[in-house]
Amino acid sequence: MKKLLVVPVAAVLVLCAIAPSGTWAGEPFFLRDGWQLQSSAKISATGEVISSAAFKPDGWYAVSVPTTVLAALVKNGVFPDPFYGENLKAVPGFRKAPWLVMPPDSPFRASWWYRTQFALPAAYGGRNLVLHFDGINYQANIWLNGRRIADSSTVIGMFRRFGFDITSAARIGGENCLAVEIIGPGKQPDIVYSTKQIEATTGWDDHNPYPPDMNMGIWQDVYVTATGPLRMTNPYVVTRLRLPRLDVAHLTITVEVTNVTNEPVTGEVVGVIERRVFSQPVTLAPNETKLVRLLPLRFPELRIVNPRVWWPNPIGPQELYDVKLAAKVDGRVSDSLTRRFGIREATTEINEEGWRVYKVNGRRVLIRGAAWMTSDMLLRLDHRRYDALIRYAKEANFNMLRSEGFSIRETEDFFDLCDKYGIMVTQQLFGRSIPDEDLAIACVKDTILRIRNHPSLVHFLGHDETFPTPRLDQAYREIIARYTPERTYQPHSGAFALADRWETGGTRTGSRELWTYATPSHYYVDKERGAWGFAQSGGIGGVIAPIESMRRMMPESALWPPWTDAWSFHTVTQGGHYFDVMLNALNTRYGAAVNIADLCMKGQALNYESARAMYEAYARNKYSATGITQWKYDTAWPASPTWQLVDWYLLVGGAYYGAKKACEPLHVQYSYDDHSVWVVNSFSRGVADLAVTAKVHNLDMTENYANSATVSVAADGKTRAFAIEWPDGLTTTHFLSLTLRDASGKEISDNFYWLSTVPDIPGPQGYTDDHAFYSHPKSVADYTALAGLPLVELAVESELENQGREKTAHVTVNNPTKHLAFLVHLAVTKGEDGPEVAPAFWEDNYFSLLPGETRKVAAVFAAEDLGDAAPVVKAGGWNVAERR
């Protein structure tokens, strides 16, 4: 006997809404492969001819889109890897330091043609067709099948999307030929500018050299969509949560609907969120666009009881929903789209001390994160790179990235991954005011319409270290108020003078000290210079990449001594001597480096102690301290030292792991100012009966102090356990180990500090007559004795676990000796002698092992990154004999 299939009524309604019997709409038809590229200097044909099927692109370069011109030429072997050594300098059109105007003799000053031929699906016949360009840099003339459909007077601006009706120009059932003439930025008078940005394009500031083509090209997707008489654009879901219970959410959905015909059209907009179905009729005059609002007062389906709430990392889960919208005419789907959203309330406000405070779902959140930079200087925007970078932020327990205004306005991939991993985003609108204010406003409007559905997006900055012009500032405020009033805005990234924070918007910026070198005690020194308020661009100064990265980015002969031409080139645009203060501090603090490997190892120690202390100081001082986004998080090309926590090779060193240690959600930490020990809690629940233990060891590892206490810590709270009472007889360099255990005795957090009887005491700072920055501290912590630590051989065991596309290395490390194993570095390599696998997400790294101590750590990495090699786990470190 056959069983009857019983389908719930709600499920039937959903199926009917999203799977009608007839449809005009379809998936976008992407034009990614089969393009050719050539300079207009080498061809004389017009766009009408180039966009004809009869034209033969002989000698053109085969490319895929998206790609910039220089990225395509590199891929075609025209130029060697511009990221290695000084190769970039040999690319025609290269200029030293920041520049805003294309040199007259640059091959990129001429326009470049992109050309492709394609056949549209037969099902597109009888539909309204739109050709989309989601990113062009900087201007374009566009031709399809011999017809110019757009010109450079309207197609201008890197951060705008363009769509063109090609219904009459396209061919169904035959070959189409598309030709796009790209005119790059930089066609301005070649004068000295007193600004860092003059056009709506990438600026790069002083982070890295400028690509000679200025990123000209088609840098985002090109695709065709097909609809019936009604087309939908710019959908938006606004969520309102009942605070503080979070038990009810009200959703408001808006979408622009356009009648693309010359006749009146009546239809309906149907929405589906899981099993909730709702619809609203709509009537449009010929060629009319109307904003359709689906309101919770009218549709009970938009009132969600006990919603799944989106939280930033690591407070709670990142719950996401999908809304599916369909514009229907006569029962047929004319157009459809899907958008992901999260239910959450995110607000910011200025507190009584003038600092910006963030709240999510009604609770304060201490911001700990960094400034995000475009992930690749040639705009090769790869999903795996995005995923690795943002996952690194999540693994470090960061909760925010500030998307920098000289960079690109980030892609959907970036924001989707921030949604997934719980990383909030503060989006900067531009780096500086540009003369074409109408274009700047158009770019900002389109950017906001594109990114506003993402729950990760919480706040906007106007410009970097400057105010927008009054007109731009007013326009930014009006655009945000109209299109996403749930977000907040401040005009300026941060005050240099603290008194100006009320005017700039409740944040401070960095200083030459913080961009060169800051000691671990810096953020504890005093309220004015330390962890107080909100720092948009605080930092620890230059970050030295691991030795593996250094050897990947330039020849061995260029690595020593500092600063060879190649090494200096791979720092910041000012050159390596910008970081002389940092290098002097390293040599004084740890002893003069004798080779590049020695310098890199000492650099990991230098960066670790400063990064950890910076984030710990903000945690201890919350909420007098409200947040910090370190300058900066990543780099667009290989560099060291520079400002980075994750380098271009997706390798991470001491700075990253120091920050990760500091940002543990339940954490035990030491204070450099008053020698107190604290427990800091980032969770929304309190924890009782925590055992805190502190031990002090001399250089020879003899224990000469111990203390312990049992404490409780409130939700999002902090508790002072005790202060260290330093015993007599300490060696100049000594160690403090902290542990935190729960009521069952399970270890929750550990922390290991190397300290000195010689304190860090700041001294005079300033600039020499030739404008070089100097810092002359009165006293510097002395860790030179670390160079004499005995060599340690560790016992290392590892096990590999397969988890689909990923592998997990479970590693047990034991120190069987009577000596300290300092800054143990674990790595997975591709075979015995291969490079280190990156990315690799280690639970902990650059840790130290006391005599007899055993530590178990795990690392997750992608199986495909091994290639055909077998994974090998290796252990090294400051005084560790390499083991595998």
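The values are calculated or read from the model by the stated rules, or taken from the named source; none is laboratory data. This structure is a prediction, so every number in the text was calculated from the model and none was measured. Glycine also receives a Cβ, built like all others from the backbone with ideal geometry; neighbour counts cover every protein chain displayed.
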*Within the stretch 640-655, which residues are out of contact with any Ser or Thr (no Cβ under 6 Å at 6 or more places or on another chain) and aliphatic (A, V, I, L, M)?*
LEU645, VAL646, LEU650, VAL652, ALA655
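Residue-by-condition table, conditions (1) part of a loop (DSSP other than H, G, I, E, B); (2) out of contact with any strand residue (DSSP E or B) (no Cβ under 8 Å at 6 or more places or on another chain); (3) in contact (Cβ under 8 Å) with a residue 24 or more places away in the chain; (4) not charged (D, E, K, R):
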{"residue": "ALA370", "(1), (2), (3), (4)": "no, no, yes, yes"}
{"residue": "THR374", "(1), (2), (3), (4)": "yes, yes, yes, yes"}
{"residue": "MET377", "(1), (2), (3), (4)": "yes, yes, yes, yes"}
{"residue": "ASP387", "(1), (2), (3), (4)": "no, yes, yes, no"}
{"residue": "ILE390", "(1), (2), (3), (4)": "no, no, yes, yes"}
{"residue": "LYS394", "(1), (2), (3), (4)": "no, yes, yes, no"}
{"residue": "CYS418", "(1), (2), (3), (4)": "no, no, yes, yes"}
{"residue": "PRO435", "(1), (2), (3), (4)": "yes, yes, yes, yes"}
*Might you let me know whether the stretch 536-558 holds any residue that is surrounded by 24 or more Cβ atoms within 10 Å (Cβ to Cβ), touching a Lys or Arg at 6+ places or on another chain (Cβ under 6 Å) and closer than 20 Å to ALA346 by Cα?*
no
*Taking the stretch 95-137, which residues are closer than 23 Å to MET214 by Cα, out of contact with any strand residue (DSSP E or B) (no Cβ under 6 Å at 6 or more places or on another chain) and surrounded by fewer than 18 Cβ atoms within 10 Å (Cβ to Cβ)?*
ARG95, LYS96, ALA97, PRO103, PRO104, ASP105
*Considering only the stretch 850-871, how many residues are within 21 Å of GLU806 (Cα to Cα), surrounded by 18 or more Cβ atoms within 10 Å (Cβ to Cβ) and over 27 Å from the mean Cα position of the chain (by Cα)?*
1
*Restricting attention to the stretch 390-402, and to residues there that are buried (at least 24 other Cβ atoms within 10 Å of the Cβ) and within 10 Å of the chain's Cα centre (by Cα), which single residue is farthest from MET158 (Cα to Cα)?*
ALA393
*Residues of the stretch 749-776 that turn out to be of a type outside the set (A, V, I, L, M), in a loop (DSSP other than H, G, I, E, B) and either within 30 Å of VAL680 (Cα to Cα) or touching a helix residue (DSSP H, G or I) at 6+ places or on another chain (Cβ under 8 Å) (or both), as a count*: 4
_Residues located in the stretch 588-622, provided they are more than 19 Å from SER749 (Cβ to Cβ) and among the small types (Gly, Ala, Ser)_ = GLY591, ALA592, ALA593, ALA597, GLY603, ALA605, SER610
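Has the stretch 88-101 got at least one residue that is more than 27 Å from ASP206 (Cβ to Cβ), touching a Phe, Trp or Tyr at 6+ places or on another chain (Cβ under 9 Å) and part of a loop (DSSP other than H, G, I, E, B)? Steps first, please.
Here is the first cut: in the stretch 88-101, the ones more than 27 Å from ASP206 (Cβ to Cβ) are none.
Checking the stretch 88-101: not a single residue is more than 27 Å from ASP206 (Cβ to Cβ), touching a Phe, Trp or Tyr at 6+ places or on another chain (Cβ under 9 Å) and part of a loop (DSSP other than H, G, I, E, B).
Matching residues to (1) touching a Cys at 6+ places or on another chain (Cβ under 8 Å); (2) crowded, with 17+ Cβ neighbours inside 10 Å; (3) part of a strand (DSSP E or B); (4) of a type in the set (Ser, Thr, Tyr):
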| position | (1), (2), (3), (4) |
| --- | --- |
| VAL696 | no, yes, yes, no |
| ASN707 | no, no, yes, no |
| TRP726 | no, no, no, no |
| LEU730 | no, yes, no, no |
| SER744 | no, no, no, yes |
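So which of GLY717, GLY729 is more than 27 Å from LEU389 (Cα to Cα) and at pLDDT below 95? It would help to see each step written out before you state the result.
Working: GLY717 fails: at pLDDT below 95.
Checking each option against the conditions leaves just GLY729.
So is ASN262 without any contact (Cβ under 8 Å) to a residue 40 or more places away in the chain and part of a loop (DSSP other than H, G, I, E, B) or not?
Values: without any contact (Cβ under 8 Å) to a residue 40 or more places away in the chain: yes; part of a loop (DSSP other than H, G, I, E, B): yes.
The answer is yes for ASN262.
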*Checking ALA53 against (1) of a type in the set (A, V, I, L, M, F, W, C); (2) in contact (Cβ under 8 Å) with a residue 40 or more places away in the chain; (3) within 28 Å of THR411 (Cβ to Cβ), which test does it fail?*
(3)
*asked:* Could you check the stretch 450-471 and list, in sequence order, the residues that are touching a helix residue (DSSP H, G or I) at 6+ places or on another chain (Cβ under 6 Å) and among the aliphatic types (A, V, I, L, M)?
replied: ILE451, LEU457
*Given the conditions (1) outside any helix (DSSP H, G or I); (2) over 22 Å from GLY654 (Cβ atoms); (3) out of contact with any helix residue (DSSP H, G or I) (no Cβ under 7 Å at 6 or more places or on another chain), and given that GLN474 satisfies all but one, which numbered condition is not satisfied?*
(1)
*Kindly list the number of the only condition in (1) more than 14 Å from GLU801 (Cα to Cα); (2) surrounded by fewer than 20 Cβ atoms within 10 Å (Cβ to Cβ) that fails for PHE847.*
(2)
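Quick check: anything in the stretch 467-474 assigned by TED's automatic domain parsing to the domain that holds ASP419 and farther than 30 Å from GLY163 by Cβ? Reasoning before the result, please.
Within the stretch 467-474, the first condition is being assigned by TED's automatic domain parsing to the domain that holds ASP419, and the residues that meet it are 467-474.
Now drop any that are not farther than 30 Å from GLY163 by Cβ, which leaves 467, 470.
There is at least one residue in the stretch 467-474 that is assigned by TED's automatic domain parsing to the domain that holds ASP419 and farther than 30 Å from GLY163 by Cβ.
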_One residue is enough: does the stretch 621-635 have a residue meeting the conditions out of contact with any Lys or Arg (no Cβ under 9 Å at 6 or more places or on another chain) and over 20 Å from LEU514 (Cα atoms)?_
no
*Kindly list, by first and then second residue, each pair from a residue in the stretch 165-189 that is more than 24 Å from ARG95 (Cα to Cα) and assigned by TED's automatic domain parsing to the domain that holds ARG115 to a residue that is in a loop (DSSP other than H, G, I, E, B) and among the aromatic types (Phe, Trp, Tyr), limited to pairs with Cβ atoms under 8 Å and residues at least 6 apart or on different chains.*
CYS177/PHE55
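Considering only the stretch 297-309, I want to know if a residue exists there that is closer than 27 Å to ILE423 by Cβ and either touching a Cys at 6+ places or on another chain (Cβ under 6 Å) or in a strand (DSSP E or B) (or both).
yes
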*Cβ-Cβ below 8 Å, separation at least six or inter-chain, first residue in the stretch 677-692 and surrounded by fewer than 21 Cβ atoms within 10 Å (Cβ to Cβ), second assigned to a strand (DSSP E or B) and among the hydrophobic types (A, V, I, L, M, F, W, C): which pairs?*
PHE683/LEU666; GLY686/VAL713; VAL687/LEU666; VAL687/VAL713; ALA691/ALA709; ALA691/LEU740
*Are there any pairs with C-beta distances below 9 angstrom linking a residue in the stretch 83-111 that is aliphatic (A, V, I, L, M) to a residue that is part of a helix (DSSP H, G or I) and exposed (fewer than 15 other Cβ atoms within 10 Å of the Cβ), with the two at least 6 apart or on different chains, and if so which?*
ALA110/ALA41; ALA110/LYS42
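Mind checking whether some residue in the stretch 242-260 is buried (at least 21 other Cβ atoms within 10 Å of the Cβ) and closer than 30 Å to ILE50 by Cα?
Just the residues of the stretch 242-260 that are buried (at least 21 other Cβ atoms within 10 Å of the Cβ), to begin with: 249, 251, 253, 255, 257, 259-260.
Of the ones still in play, those that are also closer than 30 Å to ILE50 by Cα are 260.
Yes, that holds for at least one residue.
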